[in-house]
Structures are given as C-alpha cells and as structure tokens.
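Novice: Let me give you the structure first, and then I'll get to my questions.
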Amino acid sequence: VRHPNVKKLTLSHALQEADSYDIVKNLFVNRKKFHSINIEGNDIRTQGDSTISDFLATNPHLQKLKLGSNCFSDADAMLFANALRTNNNLEFLDITDNVEITNVGHEELRAALFDYNPSDVGRTILN
C-alpha cells in the first residue's frame, strides 16, 4: 500500500493464495504508519518467521491489529508476547480462532499483558 493517507487496512478473508504470508510480511516490513490492520481469516502461517512480532516490538503507531481466524501457533504467540512487553501503542489485538494457539500460547500472552511469570502462578497454586 503506497497511498500516503491510508491509515486503516482491511484484508480479511481476502488473501487465499498460497503466498499470502509474503503479502502480509510486506505490510510490516515497509513500516507504513497504519493505525489499524485487519488480516483475519486468511489461513496465514508464519512458519517461524518473526516479521509481525519484530514490527510490534518497535512500538509502531499501530493501535489495532486483527489476526483472528488464521493459523498462528504457540511459537507465534510467544513471539507476540515478547513484542507486547515493549509496545505501549497497541490498544487492540485479536487472535481469536487460531486453533494452533493452545493454553500454553494464551498463558504467555496473558503473562505479557498482565506482567507476571506463568511459572509463578503454578508455584503459588501448588504451594
């Protein structure tokens, strides 16, 4: 997207090609100042790539990121969690319906958002 005034981008259920993640990566590599990006429902798989989390870690102007109904995994959730620890601009992150994110990934995200160590919670409950 090269238009200088576009601040909100919605590509939900629009990228069904096999190389859809390459298209998505370009959104984050170009560092355009979007306020909102919606790429839900595109069966996106990162295959371990950290482009999205690296972008979030730079604390961009992005306020809303919708990643729901894709194929993100626990590994992605952990990368997102680490990025959220240094990001204070993002106000809304939707990762619903990513069935490859298990309780492990959700717990890492909760720990990042609520500033606790997941292993401390287990120890507290066990003691």
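The values are calculated or read from the model by the stated rules, or taken from the named source; none is laboratory data. Treat the numbers as computed from the prediction; the structure is a model and nothing was measured. For the accessible areas, the whole protein counts, side chains as well, though only heavy atoms, and no ligand, DNA or RNA atoms are used. Shrake-Rupley method; radii C 1.70, N 1.55, O 1.52, S 1.80 Å.
Novice: Within the range 45-65, which residues are on the phi < 0 side of the Ramachandran plot and open to solvent by 40 Å² or more (accessible area, probe 1.4 Å)?
Specialist: Hits for the range 45-65 are 45, 49, 54, 57, 58, 61, 63, 64.
Novice: Considering only residues that are among the hydrophobic types (A, V, I, L, M, F, W, C), in a helix (DSSP H, G or I) and open to solvent by less than 40 Å² (accessible area, probe 1.4 Å), look in the range 8-39 and name the one that is nearest to residue 84 (Cα to Cα).
Specialist: Residue satisfying both the conditions and the ranking: 28.
Novice: From (1) at pLDDT 95 or above; (2) open to solvent by less than 10 Å² (accessible area, probe 1.4 Å); (3) not in a helix (DSSP H, G or I), pick out the condition that doesn't hold for residue 42.
Specialist: (1)
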